1. How large is ³J(HN,Hα) for each residue in the range 114-126, as worked out from phi by the Karplus curve 6.51 cos²θ - 1.76 cosθ + 1.60 (θ = phi - 60°), to whole Hz, x for Gly and Pro?
2. Rounded, prolate or oblate: pick one for the range 65-159, where a ≥ b ≥ c are the square roots of the eigenvalues of its C-alpha gyration tensor, a/c under 1.5 means rounded, and failing that, prolate if a/b is larger than b/c, else oblate.
3. Before anything else, pin down the relative contact order of the chain: Cα pairs under 8 Å, at least 6 apart, normalised by residue count, whole percent.
4. Taking the chain as a Gaussian network, Cα atoms linked when under 10 Å apart, which of G13, G24, G58 shows the biggest mean-square fluctuation?
5. Set the Förster radius R0 to 25 Å, insert the Cβ-Cβ distance between R129 and R70 as r into 1/(1 + (r/R0)^6), and round the FRET efficiency to 0.05.
6. Per-residue HN-Hα couplings for the range 38-46, Karplus 6.51 cos²θ - 1.76 cosθ + 1.60 at θ = phi - 60°, whole Hz, x for Gly and Pro?
7. Can you run phi through the Karplus equation (6.51, -1.76, 1.60; θ = phi - 60°) for the range 22-35 and list ³J(HN,Hα) in whole Hz, with x for Gly and Pro?
8. For the chain, with a Gaussian network of springs between Cα atoms less than 10 Å apart, report the residue from A123, A51, A12 with the top mean-square fluctuation.
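Please treat every number below as a calculation from the coordinates, not as lab data. From a predicted model like this one, the values you see are computed outputs, not experimental measurements. A quick note on method: Cβ atoms are made from the backbone with ideal geometry, for glycine too, and the neighbour counts reach across all protein chains shown.
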Amino acid sequence: MSRTRILTIGWAGWLAILAGVLVGLLLGLGLFTFGYGQGASYLSNDPGACANCHVMQGHYDSWEKSSHHRVAVCNDCHLPHDFVGKWTTKADNGFFHSLAFTLEDFHEPIQIKPRNRRVTQDACLYCHRETVHEMLPVEPGGDMLNCVHCHGTVGHAQR
């Protein structure tokens, strides 16, 4: 009787089983990678988590020597300050950093991407708007120099 049931599953049934197995494999691989890569640590505000990847050790070391060491952690400068923006950027960066590091497809030393440079610029303005308000563009979204153009060693000394 069970042999008859197996034969009567049909193509749709076999495709559903195959899809279930593939989803299970992907989920298992994802959970393994998250655990192996210490993914939970990236959900914290601990700067040490950024140094889990060997390519970030120099950036972490230079941050420890920077003028911002006592007032800002990685998330303060490299993530938006609103809830949705913070977690969207964290997820985006987490996925693409994991992909690049797993496939060893990244520039060394690691370089900031344009979208993350905008996040960092917004973070500078978030904390220092009152100091630099005279230098801000007249129109929202207007051109201005990135703060790190002149202050490149503020967050990461000796770079």
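1. Karplus values, whole Hz, x for Gly and Pro: x, 5, 7, 5, 5, 4, 5, 4, 4, 5, 4, 5, 4.
2. Note, shape of the range 65-159 comes out prolate.
3. Reported relative contact order: 27 percent.
4. The residue with the greatest mean-square fluctuation here is G13.
5. According to the calculation, E is roughly 0.75.
6. 6, x, 4, 5, 6, 7, 8, 10, 7
7. Karplus-based 3J(HN,Hα) across the range 22-35 equals 5, 4, x, 4, 5, 5, x, 5, x, 5, 4, 4, 4, x Hz.
8. Sorting by GNM fluctuation, first place goes to A12.
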